[in-house]
Amino acid sequence: MSGASPSLIARAIRRLTATVFVATLLVGIVTAIAVPASAQDASDDRPSVLLVVTDDQRWDTLWAMPGIQGSLADRGVTFTQAFTTSSLCCPSRASILTGAYPHTTGVYRQTPPYGGFVSFDDSRTIAIERFVFLSRARSENSKTWSELLPVLQRGQFKEAQNMTSRSDAAVGKIVNYGLSRMQSPGRREDFDAAMEEGMMEIVPRLEKRTHYIATFANVITLVGLLGTIIGLIKGFTAVAQVNPAEKAEMLSASISIAMNNTAFALMVAIPFLLIHAFLQARTSEIVDGLEAAKISFLNLVQRVKAEATPAR
């Protein structure tokens, strides 16, 4: 190594740090954003796969891409027998992303209403799935409570129980717990305990998988830091073996490349942390709304019962 030129050493350092950066970026983008929710729930040890899809390319045109041929095909595995669920690109890509046939994905053509990206359900990714789920839960809770509150205020508990038994909204299920408990005599604390049982069942569904995003952001940051440390180690090792006149230039170049690892990792991790904070805030808002609805229900029941007692 004493005779190695500075350009060769610098090229080796850049190659190493570029590899670490690519690994960091892929861990962040492929795993944290595009991992299906079903894969996150699985307990197996299947490997992560990076799939590169080219557009409008025939199978026999790889000869025109010598770089890809030499870097990927010659060093990897070539599958000589392949099958597609559809010869059209949109249905085929939807099948690649989901592992399902076009009649399941709903993408049959290239254009709407039965094709194109607007027909593809991308809610299986963690961030998007959580956003869609929480937005829908928020909307359903608001609508259900606005319809249920007047019925409760009139003391029509039977009708309210029929409404909540058919409702899929979280607030409807919690109120139904309280209304079911009203069938037998009890104190306010008994109704509160019954509704709290419903909260314990619903809240974990609202918080499901959100913590993965923060975990991935932390892992990405640490991977970037690891790349920085490895780059610095390689850089100082290379600097120790070059001429003294070239050490300053080599050292500054090595530090610059190593710092890029941390910078790129933070560029990926910071958006994930912002997404996690947004989803956490939306979840807390929904939970607070459920708590408020629970207290309102208990107060209404207590008031209606107090008004009904003198009438007897």
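The values are calculated or read from the model by the stated rules, or taken from the named source; none is laboratory data. All values derive from a computational prediction rather than experimental measurement. Here the Cβ positions follow ideal geometry from the backbone for every residue, glycine too, while neighbour counts run over all protein chains shown.
Some notes on this structure:
- Scanning segment 112-144 for residues that are small (Gly, Ala, Ser) and either surrounded by 17 or more Cβ atoms within 10 Å (Cβ to Cβ) or modelled with pLDDT of 75 or more (or both) yields 115, 119, 127, 135, 137, 139, 142.
- Residue 191 being assigned to a helix (DSSP H, G or I), more than 24 Å from the chain's Cα centre (by Cα) and either at positive phi or of a type outside the set (D, E, K, R) (or both): yes
- Single residue of 201, 207, 246 found to be of a type in the set (D, E, K, R) and free of Cβ contacts under 8 Å to residues at least 60 places away in the same chain: 201
- From the options 275, 233, 257, residue that is out of contact with any strand residue (DSSP E or B) (no Cβ under 7 Å at 6 or more places or on another chain), modelled with pLDDT under 85 and surrounded by 14 or more Cβ atoms within 10 Å (Cβ to Cβ): 257
- The listed residue being of a type outside the set (Val, Ile, Thr), within 30 Å of residue 164 (Cβ to Cβ) and either buried (at least 20 other Cβ atoms within 10 Å of the Cβ) or touching a Cys at 6+ places or on another chain (Cβ under 8 Å) (or both), out of 198, 227: 198
- The residues on offer are 109, 93, and the sole one that is surrounded by fewer than 16 Cβ atoms within 10 Å (Cβ to Cβ) and modelled with pLDDT of 80 or more is 109.
- Some residue of segment 241-253 being part of a helix (DSSP H, G or I) and modelled with pLDDT of 85 or more: no
- Positions within segment 145-173 being under 14 Å from residue 290 (Cα atoms), surrounded by fewer than 19 Cβ atoms within 10 Å (Cβ to Cβ) and in contact (Cβ under 8 Å) with a residue 40 or more places away in the chain, in sequence order: 149
- When each of 283, 262 is tested for being more than 17 Å from residue 134 (Cβ to Cβ), in a helix (DSSP H, G or I) and touching a residue at least 24 places away in the same chain (Cβ under 8 Å), the lone residue that passes is 262.
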